[in-house]
Amino acid sequence: MMDRRPPPLADAGGATPAVVLGAVALFLLAMFAGSLYNIRFLPLFLAAGTLLCVAVPVIRFPVITSAAWLLMAGTSPEMWLGDLIGQENTITAIVKVIGLALLAVCILRYGARFDAFNPAFAFMAMFVVGLAHGLWPTLTAMDSLRSLIGSAAPFAFSFSRLSRRWCNAIITATIWVSPVIVGFGVVLAAAHLRPLFTGLGGAWRLEGSTHPAFLGGFAAAGVYAALLELYRDGRSRHLWGIVVNYLILLLSGARAPLATALLVTAAAFFFLRSESFPARRRLPLILVGMLVLPVLVGLASGSSHIRLLNILSSDARDLSGRDLIWPLFRQAWNASPWFGWGIGAGKVVVDPDSLLAKLLGTTAAHNEYLRMGVDGGYFGLGLLILMMALWAWRWTRNAPRTDRFIMRAVFLAFAVHSFTDNTLIAATASVMFAWVSAVFARAALEREALPAAAPVRRHQAAQIA
């Protein structure tokens, strides 16, 4: 049987220690010379040395470190760590830069590939067009560049060939990221650093170490990942993953993620056939769901401290101030309808020091179509939608039937979800599209393995005959 593991990055022969020692000596010499020139360079060299020490285990164990990064990104350190030291934007940038560094490690380990329809190209086009057209008055070119990097980073892993172990680790981490967030939130609450629940209008929402809306987005991604695996192998642990993520979705009070997750799950349960997860296993679950739904409606008919049940029994059309903030984005879009105001303009349309921003606690659009309209106009928005559609079509057209059905349903659900939430700039995008890249890469690996397996099957058939 052929060993398909990737080759080591360095030969373990006798020359390797000499090369490593030589590189260390040169680094120490450069640090010494730089410090003599200007002592202020010494902390930079020490930081670089620390990064090099960290890089060794990261390069040696890319699967473990990538899964750990995904779980760490899910805990939203810009929130819980930001509460302690501030610098939320800097922390967010560091998390995404670490993800890009892991991409570089994966490319070194497994090799690069050209992803022709990657949505990152749409953001690059909007950046260039924005510079040529002219940026929003309060948006600088450097701010726009930072927004470009942040917007493209979630899609970056698709530019690397990935191993089967990497894909499986990322998929598993996606299924269980929301329980990890809740568990870490329990630890923070026990240490009196951050509450486990947050209250709004008399209704309580589970937030863990992040924001309730983000937690709902992570849980929805966990539902999608567990559902895909359930239809592939039928294992009960994936069914439990779905149940746990739905419970977290309910407690988070995130309406749009819950609605889209229910739509994808219902579409799969009613219309997708699978030998691994046949109808006889699905039918009892459907009946339980039909029994639970009237109970939830009955609870919602009265007052409830659970936010989702509370909004079902009251007028909850605008709990996030969307009716107040959307007109500002429409006005900015109308001022430059075709090409927008450059990547990042949607972040500065609302003045963070304005009364509206202080009342709502945010300057975000809560609508990716409006935000992309401000950033790239009809050109940028249309290009991004086209690239997302082509990206999904390209990587699912030769995927297994269950993968193809569920992934396309997920992309449609994501398009609907984007009408009411920040789905591309939030931390959930990093987790969501790392999982998408893992699913796409696994399908490509399975497709590449088919020609190699065909001669073996023909040989076995000939021997039997």
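The values are calculated or read from the model by the stated rules, or taken from the named source; none is laboratory data. Values in this document were obtained by computation on a predicted structure and should not be read as measured data. Methodologically, a virtual Cβ is constructed for each residue, glycine included, from the backbone with ideal geometry; neighbour enumeration extends over all protein chains shown. Surface accessibility is based on the protein's heavy atoms, side chains included, excluding ligands, DNA and RNA. Shrake-Rupley method; radii C 1.70, N 1.55, O 1.52, S 1.80 Å.
Values for this structure:
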{"quantity": "Helices (runs of 4 or more DSSP H) wholly inside region 118-192 that include at least 1 residues being in contact (Cβ under 8 Å) with a residue 40 or more places away in the chain and within 30 Å of Arg232 (Cα to Cα)", "calculated": "164-190"}
{"quantity": "Per-region count, region 388-418, residues more than 16 Å from Val264 (Cβ to Cβ), of a type in the set (A, V, I, L, M, F, W, C) and open to solvent by 20 Å² or more (accessible area, probe 1.4 Å)", "calculated": "4"}
{"quantity": "Residues being touching a Ser or Thr at 6+ places or on another chain (Cβ under 6 Å) and open to solvent by less than 30 Å² (accessible area, probe 1.4 Å) - total across region 175-201", "calculated": "3"}
{"quantity": "Only one of Leu291, Leu263 that is modelled with pLDDT of 85 or more and open to solvent by 30 Å² or more (accessible area, probe 1.4 Å)", "calculated": "Leu263"}
{"quantity": "Close pairs (8 angstrom Cβ cut-off, 6 or more residues apart or separate chains): without any contact (Cβ under 8 Å) to a residue 40 or more places away in the chain in region 399-415, surrounded by 17 or more Cβ atoms within 10 Å (Cβ to Cβ) and assigned to a helix (DSSP H, G or I) anywhere", "calculated": "Arg404/Thr396; Arg408/Ala392; Arg408/Thr396; Phe411/Met388; Phe411/Ala392; Ala415/Met388"}
{"quantity": "Residue list for region 358-370, filter: open to solvent by less than 10 Å² (accessible area, probe 1.4 Å) and either polar (S, T, N, Q) or part of a helix (DSSP H, G or I) (or both)", "calculated": "Glu368"}
{"quantity": "Search result, residues across region 103-120 that are buried (at least 17 other Cβ atoms within 10 Å of the Cβ) and within 24 Å of Leu386 (Cα to Cα)", "calculated": "Asp115, Phe117, Asn118, Pro119, Ala120"}
{"quantity": "Among residues of region 338-389, those that are of a type in the set (D, E, K, R) and under 19 Å from Gly130 (Cβ atoms), counted", "calculated": "4"}
{"quantity": "Selection status of Leu383, without any contact (Cβ under 8 Å) to a residue 60 or more places away in the chain and either part of a loop (DSSP other than H, G, I, E, B) or out of contact with any Lys or Arg (no Cβ under 6 Å at 6 or more places or on another chain) (or both)", "calculated": "no"}
